[in-house]
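Undergrad: The structure follows.
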Amino acid sequence: LAKTTQPISMDSYEGQEVNITCSHNNIATNDYITWYQQFPSQGPRFIIQGYKTKVTNEVASLFIPADRKSSTLSLPRVSLSDTAVYYCLVGVIASGGGADGLTFGKGTHLIIQP
Amino acid sequence: NAGVTQTPKFRILKIGQSMTLQCTQDMNHNYMYWYRQDPGMGLKLIYYSVGAGITDKGEVPNGYNVSRSTTEDFPLRLELAAPSQTSVYFCASSPRPGQGSNQPQHFGDGTRLSIL
């Protein structure tokens, strides 16, 4: 079970790029890296997922170095509405059953200021 | 687009009472999950199911039971409510992962449960 470590909290300002790094030294060969965002009183919402190198979608980028022992979520030009808790998950939901790595850590509380 | 729907949104129980938290999804997802989230903490997996008739324990299953008679529904039952089960409960679903891939989970908005 790959354990993840993230900063407890981060502050930034509107219009800035924010990078949140997650450490996962014990990542297994089959594990994927998935990031979720959670607002108060809501369930987590999928942001981005990757296995290696770089993945980009319409809201974020995910950078994964070759050794895969860490990953960085990059949010371009943040706004006040990006204030939320961000979770990094490392694991795999196996097609034959089994769900490894489905424990969310405490996440990173990102606060965006005007 | 309803997605994952959880009912009720709020509930207060007395110690020793029982109740069922309902979860239904309309995305035809094979996999479904129940999590609990305590204040200021991340989510912990209670039970999950990879298809109708198949369930398995997660990290914190004690005090809970589940069933999966249909693809759409995955109810969570508390038989003898205890104060330690005061939490927010989230249900999620995901498609069956393909070969060499993974699928993200879709979450409901939770049930806030207080046991007094």
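Undergrad: For B:ASP73, A:ASP67, give the ranking by accessible area with the largest first, probe 1.4 Å.
TA: A:ASP67, B:ASP73
Undergrad: Right, here's the next one. Provide the per residue accessible area, probe 1.4 Å, for the protein assembly as shown, rounded to a whole number of square angstrom.
TA: Per residue, the protein assembly as shown has 49 Å² of solvent-accessible surface.
Undergrad: Ok, one more. If you count only protein heavy atoms and use a 1.4 Å probe, how large is the accessible surface of A:ASP31, to the nearest 10 Å²?
TA: 10 Å²
Undergrad: Suppose the chain between B:LEU80 and B:THR20 were pulled fully straight at 0.36 nm per residue; how much longer would it get relative to their current alpha carbon spacing?
TA: 20.5 nm
Undergrad: When the Cα centres of the stretch B:70-87 and the stretch A:1-25 are compared, how far apart do they sit, in Å?
TA: Cα centroid to Cα centroid, the span is 32 Å.
Undergrad: Return the lysines within reach of A:LYS54: Cα separation strictly under 23 angstrom, same-chain partners fewer than 8 residues apart disregarded; answer none if there are no such residues.
TA: Those lysines meeting the cut-off are A:LYS3, A:LYS69.
Undergrad: Can you classify chain B as rounded, prolate or oblate using the Cα gyration tensor, where a ≥ b ≥ c are the square roots of its eigenvalues, rounded means a/c under 1.5, and otherwise it's prolate if a/b beats b/c and oblate if not?
TA: Prolate, because a/c is 1.5 or more and a/b exceeds b/c.
Undergrad: Using a 4.7 Å Cβ cut-off, which Cys residues in the protein assembly as shown lack a partner cysteine?
TA: none
Undergrad: Using the Cα atoms as the points, what is the convex hull volume per residue of the protein assembly as shown in Å³?
TA: So the per-residue Cα hull volume is 121 Å³.
Undergrad: Over the whole of B:84-91, what's the average partner chain Cβ count within 10 Å per residue? Rounded to a whole number, please.
TA: Rounded to a whole number, the mean comes out at 1.
Undergrad: Also: Rounded to the nearest 10 Å², what accessible area does A:VAL85 show when all protein chains are kept and the probe is 1.4 Å?
TA: 30 Å²
Undergrad: Could you tell me the ratio Rg/Rh of the stretch A:9-113? Both radii from Cα atoms, Rh via Kirkwood.
TA: With Rh from the inverse mean 1/r over Cα pairs, Rg/Rh is 0.97.
Undergrad: Sort B:PHE107, B:PHE74 by heavy-atom solvent-accessible area, probe 1.4 angstrom, most to least.
TA: On the way: B:PHE107 30, B:PHE74 0 Å².
Putting B:PHE107, B:PHE74 in descending order of accessible area: B:PHE107, B:PHE74.
Undergrad: While we're on this one: Just the number, please: buried accessible area between A and B, total of both chains, 1.4 angstrom probe, nearest 100 square angstrom.
TA: Heavy-atom accessible area buried at this interface is about 2000 Å².
Undergrad: Leaving out ligands, DNA and RNA but keeping every protein chain, what accessible area does B:ARG96 have, in Å² rounded to the nearest 10, with a 1.4 Å probe?
TA: 120 Å²
Undergrad: Return the aspartates and glutamates within reach of B:LYS14: Cα separation strictly under 18 angstrom, same-chain partners fewer than 8 residues apart disregarded; answer none if there are no such residues.
TA: B:GLU79
The values are calculated or read from the model by the stated rules, or taken from the named source; none is laboratory data. If you're wondering where the values come from, they're calculated on a predicted model, not measured in any experiment. Here Cβ is always computed from backbone atoms with ideal geometry, including for glycine, and neighbour counts include all displayed protein chains. Surface areas here come from the heavy atoms of the whole protein model, side chains and all, with no ligands, DNA or RNA. Shrake-Rupley method; radii C 1.70, N 1.55, O 1.52, S 1.80 Å.
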